[in-house]
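For reference, the structure is listed below as structure tokens.
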Amino acid sequence: PITINRGFRTVLPVCLVSDHYPALSFQVRQFLKSRTTDVIAEPLVTDIFALDVMGELLATPLHFLNYLTLRALFAEKFMASNELAMLGYHLGHNLWGDDEYTMMTLADDFSVGVDIAMLARRTGVPGEPTPKGILTRLRNKPLGRLVEQIEASEDPQMADLGLTFLQLGSETVAALNEGLEVIALRAKQTRRTHDMSLHFDGPSGGITIHCGHDLSRGAAERLMAHCELKKYSLKADRWHGLLVDPVTGTIHVGVGSTAPWSHNPALDELAGQLPQTAPVPWREAFKTPPKVGRNDPCPCGSGRKFKACCRS
């Protein structure tokens, strides 16, 4: 028998009709009123043909769940005459509503990329089978490799982190990819663990990533302690942590804390020991290191001088 956990944190209703009805979601918005709760989100009302397109292009559960989540979160922020225009905008630009706009109206031509992709996939017509955007921006990138591993994980907390990664803006994604490359390089050069932490705006909290060759239980405990301190010091309700192998990029440990922030005198004292430094721009923090001198230790981590190792 299958045991289903009934402790749902979020319910995303999807209402379907069997007729081809492109304007259904628009008309539902105009003529019906939905009621939501802290758990039950805004419903998505569409037809089975639009669902088929979503399932074809949002091929992984994480991407599909991400679309449903953003569709419900910003249901009142975006308006489109049909669901495929909404999907097309999401694939190209991420369906995220900025606070500076009260409403955005999407033109029908946002669905052109979706039409081309479906024709290329289903009929073999020459065209781009995957619209450029959120489905392609992480390809062959460190963050993309982490997301692929998260998609294969059965841990609900990892899925939560995966959604956070998919919802990041392009500048944050670029900075995070650069940061992951730098700490992996430094870990390989020094044979020591290097880390980075990122605090997200809003309810997503933040993440701490440890990258090093020490993959023992002690390393996992240090990661968890680091996450607890960062979460407490920044008064975040959620925080995630990853322990990553610098050579293969494999996630060895994933931890997370979703307990609401509360005052803790013991953590107050520990958090006070964290370095109190001002935020540093990402590109300044991960700028290219100075040129290696002839007598400096070799960057490959061999322990030999550069002139007697890789330079020769």
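Got a sec? Which residues in the range 50-66 would a label at I2 touch, if it sits 7 Å along Cα→Cβ and we count backbone N under 17 Å?
61-62, 65
Report the number of Lys pairs in the chain whose alpha-carbons are under 28 Å apart, with separation of 8 or more residues or on distinct chains.
Lysine pairs, 8 or more places apart or on different chains, close enough: 20.
Return one number: the angle in degrees, 0 to 90 and rounded to the nearest 10, between the long axis of the Cα atoms of helix 217-233 and the longest principal axis of the Cα atoms of the chain.
Approximately 70 degrees, to the nearest ten.
Just to confirm the filter: which chymotrypsin sites (Phe, Trp or Tyr not before Pro) across the range 54-111 are DSSP coil and have at most 11 other Cβ within 10 angstrom of their Cβ? Mind showing how you got there, number by number?
On the way: sites: F64, Y67, F74, F78, Y89, W96, Y101, F110; in loops: F74, W96, Y101.
Passing sites in the range 54-111 are Y101.
Residue farthest toward the positive end of the dipole of the range 50-146, with Cβ of Lys/Arg at +1 and Asp/Glu at -1: which of Y101, L91, P126?
Highest projection toward the positive end goes to P126.
Could you please rank E228, E154, E128, placing first whichever residue has the fewest other Cβ atoms within 10 Å of its Cβ?
E154, E128, E228
Using DSSP to define loop residues, name the chymotrypsin sites (Phe, Trp or Tyr not before Pro) in the range 1-38 whose beta-carbon has at most 12 other beta-carbon atoms within 10 Å. Please report the intermediate quantities before stating the final value.
Working: sites: F8, F26, F31; in loops: F8.
Here the sparse-neighbourhood loop sites are F8.
Which angle from 0 to 90°, rounded to the nearest 10, does the C-alpha axis of helix 48-57 make with the longest principal axis of the chain?
The helix 48-57 is inclined about 20 degrees to the chain.
Which value in nm describes the separation of the simple spin-label points at T250 and T37, placed 7 Å from the Cα toward the beta carbon?
4.4 nm
Suppose every K and R has +1 on its Cβ and every D and E has -1 on its Cβ; what is the size of the dipole of the chain about the Cα centre, in Debye to the nearest 20?
Dipole about the Cα centre, nearest 20: 1660 debye.
Would you mind calculating the gained length between L51 and K307 on full extension (0.36 nm times residue separation, minus the Cα-Cα distance), in nm to one decimal?
Length difference between fully extended and current span is 86.1 nm.
May I ask you to order 43-49, 137-143 by the average number of other C-beta atoms within 10 Å around their residues, highest value first?
Numbers: 43-49: 19.4, 137-143: 15.9.
In decreasing order of mean packing, 43-49, 137-143 become 43-49, 137-143.
What number, in percent, do you get for the relative contact order of the chain if the mean sequence gap of Cα pairs under 8 Å and at least 6 apart is divided by its residue count?
10 percent
Evaluate the distance, in nm, between pseudo-label points positioned 7 Å from the Cα of D99 and of Q157 along their respective Cα→Cβ axes.
2.9 nm
Can you divide the C-alpha Rg of the range 128-246 by 2.2 N^0.38 Å and report the result to two decimal places?
Numbers: Rg = 14.5 Å, N = 119, 2.2 N^0.38 = 13.5 Å.
For the range 128-246, the normalised Cα radius of gyration comes out at 1.07.
Rank by packing, highest mean first: peptides 258-264, 192-198, with packing defined as the count of other Cβ atoms within 10 Å averaged across residues.
Ranked from most to least packed, the peptides come out as 192-198, 258-264.
Say R0 is 35 Å: what FRET efficiency, to the nearest 0.05, do D296 and K132 get from their beta-carbon distance?
After rounding, the FRET efficiency stands at 0.25.
Between T123 and V14, how many nm apart are label points set 7 Å from Cα along the C-beta direction?
For T123 paired with V14, the spin-label model returns 2.5 nm.
For L267 and T60, FRET efficiency with R0 = 41 Å and r from the beta-carbon atoms, rounded to 0.05?
Efficiency for this residue pair is about 0.65.
If you take the Cα Rg of the range 1-159 and divide it by 2.2 N^0.38 Å, with N the number of residues, what do you get?
1.09
Can you tell me the 0 to 90 degree angle between the C-alpha axis of helix 142-152 and the longest principal axis of the chain, rounded to 10?
60 degrees
Dipole of the range 14-122, Cα-centred, from +1 at each Lys and Arg C-beta and -1 at each Asp and Glu C-beta, to the nearest 20 debye?
200 debye
Over the range 14-122, what is the mean sequence separation of C-alpha contacts under 8 Å (at least six apart), divided by residue count, expressed as relative contact order in percent? Numbers along the way, then the final one.
Numbers: 128 pairs, mean separation 28.7, N = 109.
This gives 26 percent for the range 14-122.
What's log10 of I(q)/I(0) for the chain at q = 0.08, 0.13, 0.16 Å⁻¹, Debye sum over Cα points only, no solvent?
-0.47, -1.06, -1.38
Values quoted throughout were computed directly from the atomic coordinates according to the rules given, and no laboratory measurement underlies them. None of these values were measured; they are calculated from a predicted model. Neighbour counts are summed over all protein chains in view; Cβ atoms, including those assigned to glycine, are modelled from backbone coordinates with ideal geometry.
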